[in-house]
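The values are calculated or read from the model by the stated rules, or taken from the named source; none is laboratory data. None of the values given here were measured: they were computed from a predicted structure. Quick reminder, even Gly has a Cβ in these numbers, built from the backbone with ideal geometry, and neighbours come from all protein chains shown.
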Amino acid sequence: MDLLIVGSGFFGLTIAERAAAAGRKVTVIDRRHHIGGNAYSANEPETGIEVHQYGAHLFHTSNPTVWEYVNRFTDFTSYVHRVYTTHKGVVFPLPINLGTINQFFQAAYTPDQAKALVHELAGEFDAKDAANLEEKGIALIGRPLYEAFIRDYTAKQWQTDPKDLPAEVISRLPVRYTYDNRYFNDTWEGLPVDGYTAWLERMADHPNIEVKLSTDYFDEAQPLNKKATVGQVPVVYTGPVDRYFDYAEGELSWRTLDFEQEVLPIGDFQGTSVMNYADADVPYTRIHEFKHFHPERADRYPTDKTVVVREYSRFATRADEPYYPVNTADDRSGLLAYRELAKGESEVYFGGRLGTYQYLDMHMAIGSALSMWNNQLA
Ligand code: FAD
Ligand code: UDP
């Protein structure tokens, strides 16, 4: 074995694939019973509808190197992601755009009129100086739209008052003065034609790659554990960085999600793939209806059944799946301390979402793995 990779998510598999193509012998271990990390999907048995097992995953990128690379393993459908939100029993388009603004104010504003109105409503804060998410949200769209679509959704999603969240969180969400309601701004987007798992399996399909599932790196009863391998073989580690050091510098905080899945005896529940729920009196943040991710599979999917998944958000304990880094000030100083410890590890490379404590979209995880391969490992 020339290289041991801990974690078979997109980061680990990209390194494995590149190393195998360069003639290296690679072993990938994962504590889960399947490959693919959080991008893993499986067909719901009763309906055959593909369900992303760790929450809906939409592929999008503007990086030509990543786009060329991923197309070696899968074709993509022409799916374009659009999200709607329900507020006080009425459905509005997201991200906030001219359609949302006109529907909310029961008006027919032109782009310039809408900009002037929002400018007037947003006057109490300046986006450049916003000290927290609430101030940034109000500075971007004004208090009425902020309170309707952002405040309670964000409080549900982060279980934290938006006044205590960093302003950057909201920067992910664009505000548009046109009727364009594409959720992503990227050059390319789509879903893997034959599903995420087929794509992930193709990345691992090489005689130089051995995959061992249900194998935990910290389990000393299995031979490829931390004690037995560090210093003996180069290791790419994509698990949680605080776990690697046995939480020596404290635990980094994460949000986790609970998914409540149901098969319903109807053809169409909500007419779209993702419906957000903006109000505080609805306990979940959104409902995913998975058949709508693949309209091109209409002839294969049942017309009288559908799969819906309600998503609930909360703080993670050690026993939960870590999904989103919370990134408090304590987390940021903890992370710096772990980075110092990481420098002292002989030939251990920390990567991916958990290994770097960073929210990475799939294209970012793949892009950073390609860089690590080219710059440090090749
Ligand atoms: P992961 O996929 O988390 O893989 C890490 C692997 O390491 C896991 O399989 C884990 O089991 C394994 N591991 C951990 N500890 C150990 C251990 N001790 N021993 C052995 N194995 C171990 N990205 C998008 O581009 N679009 C989206 O729409 C999108 N939606 C998302 C929705 C949710 C709810 C979440 C959580 C993420 C979403 N992402 C999305 C991000 C995407 O999941 C990540 O970019 C991708 O998973 C990163 O891959 P990774 O390899 O870094 O981590
Ligand atoms: N957001 C919101 N209302 C919505 C959708 C998003 O307030 O209906 C805010 C919320 O603070 C969220 C951020 O915008 O954390 C980023 O949203 P995104 O949809 O990118 O979150 P993700 O899909 O990663 O959970």
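For segment 297-310, does any single residue satisfy the condition of being among the aromatic types (Phe, Trp, Tyr), buried (at least 16 other Cβ atoms within 10 Å of the Cβ), out of contact with any strand residue (DSSP E or B) (no Cβ under 7 Å at 6 or more places or on another chain) and within 19 Å of Gly55 (Cα to Cα)?
Taking segment 297-310 and keeping what is among the aromatic types (Phe, Trp, Tyr), we get 301.
Okay, now just the ones that are also buried (at least 16 other Cβ atoms within 10 Å of the Cβ), so 301.
The next check asks that each one be out of contact with any strand residue (DSSP E or B) (no Cβ under 7 Å at 6 or more places or on another chain); those that pass are 301.
From what is left, the residues that are within 19 Å of Gly55 (Cα to Cα) are none.
No, segment 297-310 contains no residue that is among the aromatic types (Phe, Trp, Tyr), buried (at least 16 other Cβ atoms within 10 Å of the Cβ), out of contact with any strand residue (DSSP E or B) (no Cβ under 7 Å at 6 or more places or on another chain) and within 19 Å of Gly55 (Cα to Cα).
The single residue among Val193, Val211 that is touching a residue at least 24 places away in the same chain (Cβ under 8 Å), buried (at least 18 other Cβ atoms within 10 Å of the Cβ) and more than 16 Å from ligand 2 (Cβ to nearest atom) turns out to be Val211. Out of Asn132, Asn63, Asn71, Asn97, one residue alone is within 26 Å of the chain's Cα centre (by Cα) and modelled with pLDDT under 95. It is Asn132. Within segment 234-273, if we keep just the residues that are touching a helix residue (DSSP H, G or I) at 6+ places or on another chain (Cβ under 8 Å) and in a strand (DSSP E or B), the residue that is surrounded by the most Cβ atoms within 10 Å (Cβ to Cβ) turns out to be Val236. Six or more apart or on different chains, Cβ atoms under 6 Å: show the pairs whose first residue is in segment 349-376 and within 19 Å of Asn71 (Cβ to Cβ) and whose second is near ligand 1 (Cβ under 9 Å from one of its atoms) and part of a helix (DSSP H, G or I). Sorted first by the residue in segment 349-376, then by its partner, the pairs are Met362/Phe10; Ala365/Phe10; Ala365/Phe11; Ala365/Gly352; Ile366/Phe10; Ile366/Thr14; Ala369/Phe11; Ala369/Thr14.
Residues that are within 16 Å of ligand 1 (Cβ to nearest atom) and either surrounded by 19 or more Cβ atoms within 10 Å (Cβ to Cβ) or of a type in the set (Lys, Arg) (or both) within segment 155-183 comprise Lys156, Gln157, Trp158, Val169, Arg172, Arg182, listed in sequence order.
Name the single residue, out of those in segment 51-110 being closer than 29 Å to Pro322 by Cβ and among the small types (Gly, Ala, Ser), that is surrounded by the fewest Cβ atoms within 10 Å (Cβ to Cβ). Spell out the reasoning first.
Initially, segment 51-110 is screened for residues closer than 29 Å to Pro322 by Cβ, giving 51-63, 65-67, 69-70, 73-74, 76, 79, 81-86, 94-95.
The next check asks that each one be among the small types (Gly, Ala, Ser); those that pass are 55-56, 62.
Numbers: Gly55: 15, Ala56: 19, Ser62: 13.
Restricting to residues being closer than 29 Å to Pro322 by Cβ and among the small types (Gly, Ala, Ser), the top hit is Ser62.
Of Arg310, Arg318, Arg286, all but one fail to be basic (Lys, Arg), within 24 Å of the chain's Cα centre (by Cα) and closer than 30 Å to Leu336 by Cα; the exception is Arg318.
Could you list, in sequence order, the residues of segment 355-378 that are of a type outside the set (Ser, Thr, Tyr) and more than 16 Å from ligand 2 (Cβ to nearest atom)?
Here is the first cut: in segment 355-378, the residues of a type outside the set (Ser, Thr, Tyr) are 355, 358, 360-367, 369-370, 372-378.
If the condition is that a residue be of a type outside the set (Ser, Thr, Tyr) and more than 16 Å from ligand 2 (Cβ to nearest atom), then Gly355, Ile366, Gly367, Ala369, Leu370, Met372, Trp373, Asn374, Asn375, Gln376, Leu377, Ala378 are the ones that fit.
Got a number for residues in segment 214-233 being crowded, with 17+ Cβ neighbours inside 10 Å, hydroxyl-bearing (Ser, Thr, Tyr) and over 19 Å from Gln376 (Cβ atoms)? The number of residues fulfilling the criteria is 2.
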